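Report on the following structure.
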Amino acid sequence: MVSRRTKAVVQLGIAVLTALWMVSMRRLLRSSDDESHEPTPLSPSGFAVGGVWGAGQVWANDRDSWQVRTNRRRGMAVSLVGIAVQRRLLPRTESFRYSFGFGRVFGVVAYRTWYGFLRPLPSDD
């Protein structure tokens, strides 16, 4: 069985690779001569909400809040509620949605760097 710490470090690696890919795609679009492929402008509020959202999801999983890690049904229900909140309550502009995704990845990177890489996981078994 793989330890929670190993899973956290792998999750950090995947999030870092995703963040690097997103940044490189923005740079590639920005350097492109084709003006129809301008990168989507970033929304500071979307980035901030996404960062808190991403870090909050990992925080809840680490602490097993509402048993999202140990009870699969409850974890799935919380995920579905999260998707519904994203679709119904958050702005639907392209800039906000893109920035939300960008911020979410960076929130996971920041949280996983602190808890999982530099420090032990909270509520470690």
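The values are calculated or read from the model by the stated rules, or taken from the named source; none is laboratory data. All figures in this text were calculated on a predicted structure; none of them were measured in a lab. For neighbour counting, all protein chains shown are included, and Cβ atoms are generated from backbone atoms with ideal geometry for every residue, glycine included. Heavy atoms of the whole protein, side chains included, go into the accessibility calculation; ligands, DNA and RNA do not. Shrake-Rupley method; radii C 1.70, N 1.55, O 1.52, S 1.80 Å.
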Inset, instruction - Quick one: in the range 110-125, of everything that is open to solvent by 20 Å² or more (accessible area, probe 1.4 Å), among the charged types (D, E, K, R) and in contact with a helix residue (DSSP H, G or I) (Cβ under 8 Å, 6 or more places away or on another chain), which residue is modelled with the lowest pLDDT? - result: D125
Inset, instruction - Of the conditions (1) open to solvent by 90 Å² or more (accessible area, probe 1.4 Å); (2) part of a helix (DSSP H, G or I), D33 clears all except one; give me its number. - result: (2)
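Test G107 against the stated conditions and say whether it is modelled with pLDDT of 95 or more, in a helix (DSSP H, G or I) and among the small types (G, A, S). Talk me through it step by step, then tell me what you get.
Details: modelled with pLDDT of 95 or more: yes; in a helix (DSSP H, G or I): yes; among the small types (G, A, S): yes.
It is true that G107 is modelled with pLDDT of 95 or more, in a helix (DSSP H, G or I) and among the small types (G, A, S).
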Inset, instruction - Would you tally the residues in the range 40-79 being assigned to a loop (DSSP other than H, G, I, E, B) and β-branched (V, I, T)? - result: 3
Legend entry - Matching residues in the range 86-104 - criterion: being assigned to a helix (DSSP H, G or I), farther than 19 Å from I14 by Cβ and open to solvent by 50 Å² or more (accessible area, probe 1.4 Å): Q86, R87, R88, L89, E94, R97, Y98
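Of the residues P39, P44, only one is in contact with a helix residue (DSSP H, G or I) (Cβ under 9 Å, 6 or more places away or on another chain), open to solvent by less than 80 Å² (accessible area, probe 1.4 Å) and on the phi < 0 side of the Ramachandran plot; which? Even if it seems obvious, please write down each step before you answer.
Numbers: P44 fails: open to solvent by less than 80 Å² (accessible area, probe 1.4 Å).
Going through P39, P44 in turn, the sole match is P39.
Picking from A77, A8, A55, A15, which residue would you name as being over 20 Å from P122 (Cβ atoms) and of a type in the set (G, A, S)?
Every option except A77 fails the conditions.
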Legend entry - Selection within the range 1-24 - free of Cβ contacts under 8 Å to residues at least 12 places away in the same chain and in a helix (DSSP H, G or I): T6, K7, V10, G13, I14, L17, L20, W21, V23, S24
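For W66, indicate whether it is open to solvent by 50 Å² or more (accessible area, probe 1.4 Å), touching a strand residue (DSSP E or B) at 6+ places or on another chain (Cβ under 9 Å) and either within 30 Å of L118 (Cβ to Cβ) or not acidic (D, E) (or both).
Numbers: open to solvent by 50 Å² or more (accessible area, probe 1.4 Å): yes; touching a strand residue (DSSP E or B) at 6+ places or on another chain (Cβ under 9 Å): no; either within 30 Å of L118 (Cβ to Cβ) or not acidic (D, E) (or both): yes.
So W66 does not fit the description; no.
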